[in-house]
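Everything below concerns the one structure shown next.
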Amino acid sequence: MSEKMLRIEYDVQHHLLLSRNNLRDHALIRMIISALCTPEELSNLTKKDFRIYRGKNYSFHVVQLRGKFIRNSPVDEKTYKIVSSLGDKPFDMKLEEMDEIVKKYSPSDSIYDAKKLRNAVVTLLKDSSLFEIDFETLKELEELYMFMLDFNPIYSDVWDIEDEEGLEEFLLNIAEIEGTDSKKISEKLGLDEEKVSKILSSGKKSLFSFLKRL
């Protein structure tokens, strides 16, 4: 992975992890990452738009999204459960408010709005598949779901706080970009400071550090 792609991945994961303590904000960001929602699609979303799709190989949640066009998209299980815990119309807000939510969880040196975050995920997905698969042209929902399982880390929880390897990588990267103050980092993420400090003092190097030496 190039340094540019690594930075985009870090930025997306930054939004995901730092929004965890606000359920609605976290749900909105997860829907952008999981289903590639536009602000308009989010504003129109209701709980009735979710259903179970039963394919040949997988059963999974699907959401019908209504924006410029009507489209169906897979959504990962954890995102579905979080959105389901909110009200019937979970993102009943102005588009500008969505942009402010995304901006709130952006890295300080790379500010995002909802559209930019969506575009970042699209860029990652295209790069991860080495441009061999144009996922935006996939018509079958099960094909699209299988693509997301392979290439979208939110579907496999790799970006989540519970994944030890993914969390370690993120902590090393955030320390490389924002400094190694374990107290500040633990407060941002809502993590135990001792755990953060242990990882940062392990002597392991971040991927950013590795790429800079190449």
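Since every read-out is calculated from the coordinates, none of them should be taken as a lab result. Just so you know, these numbers come straight off a predicted model, no measurement behind them. Cβ placement follows ideal geometry from the backbone for every residue including glycine, while neighbour counts extend to all protein chains displayed.
Evaluated at q = 0.20, 0.23, 0.29 Å⁻¹, a Debye calculation over the C-alpha positions of the stretch 20-63 (equal weights, vacuum) places log10 I(q)/I(0) at -0.73, -0.88, -1.08.
Computed about the Cα centre, the dipole magnitude for the chain is approximately 440 debye when only Lys and Arg (+1) and Asp and Glu (-1) carry charge, each at its Cβ. Which value in nm describes the separation of the simple spin-label points at D134 and S2, placed 7 Å from the Cα toward the beta carbon? For the pair D134/S2, the computed spacing is 2.1 nm.
Normalised by the number of residues in the chain, the average gap of Cα pairs under 8 Å and 6 or more apart makes the relative contact order 22 percent.
Basic side chains Lys and Arg get +1 at the Cβ, acidic Asp and Glu get -1 at the Cβ, and with that the dipole of the stretch 164-212 about its Cα centre reaches some 200 debye.
Among S197, S110, S128, the largest mean-square fluctuation in a Gaussian network model of the chain, built with springs joining Cα atoms closer than 10 Å, belongs to S110. Between the C-alpha center of the stretch 34-87 and that of the stretch 2-16 there is a gap of 24 Å. The trypsin sites (Lys or Arg not before Pro) of the stretch 112-214 meeting both criteria, a DSSP state outside H, G, I, E and B (loop) and at most 15 other C-beta atoms within 10 angstrom of the site's C-beta, are K139, K204, K205, R213. Between the listed residues Q64, I52, L124, the Cα displaced farthest toward the positive end of the dipole of the stretch 52-170, a dipole computed from Cβ unit charges relative to the Cα centre, is found at Q64.
With neighbours defined as other Cβ atoms within 10 Å of a residue's Cβ, the residues F91, F208 order from fewest to most as F208, F91. Dipole orientation for the chain: of the candidates A175, I111, I161, I111 has the Cα lying most toward the positive pole (charges on Cβ; Lys, Arg +1; Asp, Glu -1). Distances between every pair of Cα atoms in the stretch 3-155, grouped in 5 Å steps from 0 to the bin holding the largest one, split as 1, 9, 20, 23, 21, 15, 7, 2, 0 percent. Look at R7, R30 and count the other Cβ atoms within 10 Å of each Cβ; fewest to most, that gives R7, R30.
Computed on the stretch 164-212, the Cα convex hull volume stands at 66 Å³ per residue. Please label the shape of the stretch 1-45 as rounded, prolate or oblate, based on the square roots a ≥ b ≥ c of the eigenvalues of the alpha-carbon gyration tensor (a/c under 1.5 means rounded; beyond that, a/b larger than b/c means prolate, else oblate). Oblate shape, in that a/c is at least 1.5 and b/c is the bigger or equal ratio. Annotation note: GluC sites (Glu not before Pro) in the stretch 45-142 located in DSSP loop regions with a Cβ neighbour count of at most 11 within 10 Å are E132, E140.
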